[in-house]
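The values are calculated or read from the model by the stated rules, or taken from the named source; none is laboratory data. On a predicted model such as this, the values are computed, not experimentally measured, just so you know. As a convention, Cβ positions derive from the backbone with ideal geometry for all residues, glycine included, and neighbour counts pool all protein chains shown.
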Amino acid sequence: MAVQGTHDNSQHQAQRALEHDMGKSEMKGHNSYPDYAAFAQEANPQMIKQLETNPITEEHLTHEVRAIYDGLVKVEKKCIEVIKYLSQMGLRTELSQDQWSTVISLHRMLLHEHHDFFLASQHPSASPAVKHLAEKYAMPAHVTDRDIWAGVSKYWYNQDTDACPETGRIQHHLAVLSRPDTLQQFFYYTKALISVRPFANARVSIAQLFNPILSAPADRHTLITSFVAAHGALFMRMPVEHFVARSKFFLSNLRQEVSRLGREGQQGVFITSCNIAAIFQYGDNDGVFATEFTFDENTTADAYAISRQWASTTTPIDPNNHQYTDLASQFAFRASSLAFHTLIIILGQAGDPNLHPSVHASMAFVWCLTLIPAAIQRLEPLVPWTILANYLNTLLRPDINIAKIEDESFPRIEDTTSQQLPEDFLIRGQTWSRLYYPGKFFEETAIEDDRPLIGEPSTMLPRRHRCLWLGVRIATFSRWMTYDQTRLFTPTRLAHEFAPIAQSTDHLSGNIYLVPGPVNQEMEGV
């Protein structure tokens, strides 16, 4: 930590206050240690019997644990006050040696307090209730929760992500460090499950995230918790009525608060990524698409050639004569319906550039779907092609470089060596996104501190170029939309046939060709 200083009097006063409150006081006696060196010098060299000790009672141990915890809270509060005070001072010179010593001593004391708490609460004489306290109150993550070490840990794990972007284990660590941000936690847990090298243990962690949210009353749900609750019903394989009701509740909240979501541009990408993870059945090895996106290296050109031939020769599935009835397909359809209904609401905010990052991530996913015939054939009726084509037309403005969006090569950002948009770092490493990015795309990247924020003006034009380029690439299939010499996107007849299916929430039940019965009245308010 580098903190600069100006007002010497304020610094010395703060330091003296800290030393008085923490440095020179012993807390309730549990940190008073004997002088073993002096004891050794005075001890009789002759062998002596083992000192008699009295067994500690459960009542005494409980009292001791409570006293240790009280001291822990006090030291933790003081640490937070010191860091906040020094940060707000706007100091211009580095801390003195004495000031550093005081700050370090405080944090060392906090670690000792945690050690004492764990040691006492896990004593053989402790009752089961006392032994369970550390787990019940998430004490191992207690320091991280208070933002004392979280920033430092996140920085180093993000460095690991840059070196190993396809490793799900690192994403799991970032999820733990994202507390108490529920959506960010959920994003990293799901990303850990659908990374190229997934971290299966994240399934246990994500279930623990769902449990308190699913048990909370519906009237207490926010936009974010209603979103997580809908996914929780899907992940936990609750009755379909529960998933449908919770999904509709989230979509209703999203319609009302989508503009606020736009101001939090990163949240939109988080939601999009979590929805994509659900389509992949949260990394389930038996999922419908578990094997569709497994390949050793980027094969976009080959996949495009094969898929374009498929699109030109394959007749769409007749909704009247075909139904997917296997459970894996039903799961994927429910997830896909939720994902694309979320996209429909976001596309309805055509004038809000803050939602462009989530649109970009969604279009990148749809583009990758079109490169896998077996995947897009299952999901094409659920994609809102007509709405998407109309939305793309709103992005065509005079500042667009037409040659760039019509070129077959991936659009580059001019006047900079860094070619990545902020959301690229959020979706990279996922099993599907390898088809999107060209080889060595992430080799020349700015360090994290030098990357633009997701809503910075410098990212807006390159992002519109990306979305339009993706639209033109999808239009080359001539199956769902076209892009002609008038430089406008037009939905095809097939897209219009699919529109009623894509826009109906009735298909949240799973079978896209079968309208479900009414939702149980008990679930209406969920």
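Miscellaneous remarks
- Subset of region 172-196 (residues that are modelled with pLDDT under 95 and either among the acidic types (D, E) or touching a strand residue (DSSP E or B) at 6+ places or on another chain (Cβ under 9 Å) (or both)): D181, V196
- The listed residue being at pLDDT 75 or above and in contact with a strand residue (DSSP E or B) (Cβ under 8 Å, 6 or more places away or on another chain), out of G168, G71: G168
- Pairs meeting the criteria (first residue in region 178-190 and over 17 Å from W432 (Cβ atoms) and surrounded by 21 or more Cβ atoms within 10 Å (Cβ to Cβ), second residue at pLDDT below 90 and of a type in the set (K, R), beta carbons under 9 Å, at least 6 apart or on different chains) are Q185/R179.
- Meets criteria (under 16 Å from the mean Cα position of the chain (by Cα) and either under 22 Å from Q330 (Cα atoms) or surrounded by fewer than 16 Cβ atoms within 10 Å (Cβ to Cβ) (or both)) for I206: yes
- Summed over region 346-390, residues that are assigned to a helix (DSSP H, G or I), under 23 Å from P457 (Cβ atoms) and in contact with a Leu (Cβ under 9 Å, 6 or more places away or on another chain) total 13.
- Only one of Q97, Q88 that is at pLDDT 80 or above, among the polar types (S, T, N, Q) and loosely packed, with under 14 Cβ neighbours inside 10 Å: Q97
- If you go through region 364-385 and keep only what is small (G, A, S) and either modelled with pLDDT of 95 or more or over 16 Å from A278 (Cβ atoms) (or both), you end up with A364, A374.
- Checking T394 against (1) in a helix (DSSP H, G or I); (2) surrounded by 15 or more Cβ atoms within 10 Å (Cβ to Cβ), the condition it does not meet: (2)
- Restricting attention to region 201-231, the residues that are among the hydrophobic types (A, V, I, L, M, F, W, C) and within 16 Å of V176 (Cβ to Cβ) add up to 6.
- Test: Y324 is of a type outside the set (S, T, N, Q), at pLDDT below 90 and in contact with a Phe, Trp or Tyr (Cβ under 9 Å, 6 or more places away or on another chain): yes
- Boolean, L119 is at pLDDT 80 or above, over 32 Å from the mean Cα position of the chain (by Cα) and surrounded by 11 or more Cβ atoms within 10 Å (Cβ to Cβ): yes
- Selected residue (criterion: farthest from the chain's Cα centre (by Cα)) from residues of region 397-441 that are within 18 Å of P353 (Cβ to Cβ) and without any contact (Cβ under 8 Å) to a residue 24 or more places away in the chain: P398
- Among residues of region 357-375 that are assigned by the TED database to the domain that holds F340, those with a beta-carbon under 9 Å from a residue that is of a type in the set (D, E) and surrounded by 24 or more Cβ atoms within 10 Å (Cβ to Cβ) at least six positions away or on a different chain give the pairs P357/E423; S358/E423; H360/E423; A361/E423; A364/E423.
- One residue from R220, R246, R237 being more than 25 Å from I427 (Cα to Cα), surrounded by 23 or more Cβ atoms within 10 Å (Cβ to Cβ) and assigned by the TED database to the domain that holds A332: R246
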